[in-house]
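Written out below as structure tokens is the structure these notes cover.
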Amino acid sequence: MTRERVLKAVLLVSGVVFVAGLIPLIMLFSREPAVAMIMSLYVPMGVFVLLAVRNPAEHRSLIAFAGWANIAHAGVMTVQEYLHVIQPRELAGVIIFGVLGILLVTLTPAKRTAERLAAAA
């Protein structure tokens, strides 16, 4: 399996999790305003991540942003769990966001050679 095919699979899974799977599950377990706020960011990100599946190289910045945003979110949740600000059952979110973030950052397409030459000129 090529790197691009793996990236497309990760983008598809990420987009579906953000849009379809994660939101209803979290909303059932939490009535806090912060959850609705963060989900209002993840739903559009999920839509755009799904659009990036067709041509990941053209959506390099979006993929990198989605990856780093997930890593940051997992980091914040980890600290919150350590300080007992969030419930232990939310640790699954730490793992999901962290793994998806690491995969997206790792698989972000490299800049094209023409873009590198144009950037250098």
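Values in this text are rule-based calculations from the coordinates and carry no lab data. This one's a predicted model, so the numbers in the text were calculated from it and none came from an experiment. Every residue, glycine among them, receives a Cβ derived from its backbone with ideal geometry; neighbour counts consider all protein chains shown.
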key: For residue 49, net neighbour charge (Lys/Arg +1, Asp/Glu -1) across residues whose Cβ lies under 14 Å away   = +2
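Can you tell me the FRET efficiency between residue 102 and residue 20 if r is taken as the Cβ-Cβ distance and R0 is 25 Å, rounded to the nearest 0.05? Could the numbers behind the result be given before it?
Values: r = 22 Å, r/R0 = 0.87.
Computed FRET efficiency for residue 102 and residue 20: 0.70.
Where Lys and Arg each count +1 and Asp and Glu each count -1, what net charge lies around residue 74 among other residues with Cβ under 13 Å from its Cβ? Before the final figure, lay out the partial values.
Working: positive: none; negative: 81, 90.
With Lys, Arg at +1 and Asp, Glu at -1, the neighbours total -2.
Expressed in nm to one decimal, what extension gain is obtained for the pair residue 40 and residue 58 from 0.36 nm per residue of sequence separation less their Cα-Cα distance? Please list the in-between numbers first.
Working: separation 18, 0.36 × 18 = 6.48 nm, distance 2.45 nm.
Stretched fully, the residue 40-residue 58 segment lengthens by 4.0 nm.
Please give me the summed charge of the neighbours of residue 63: other residues whose Cβ is under 12 Å from its Cβ, Lys and Arg +1, Asp and Glu -1.
Local net charge: 0.
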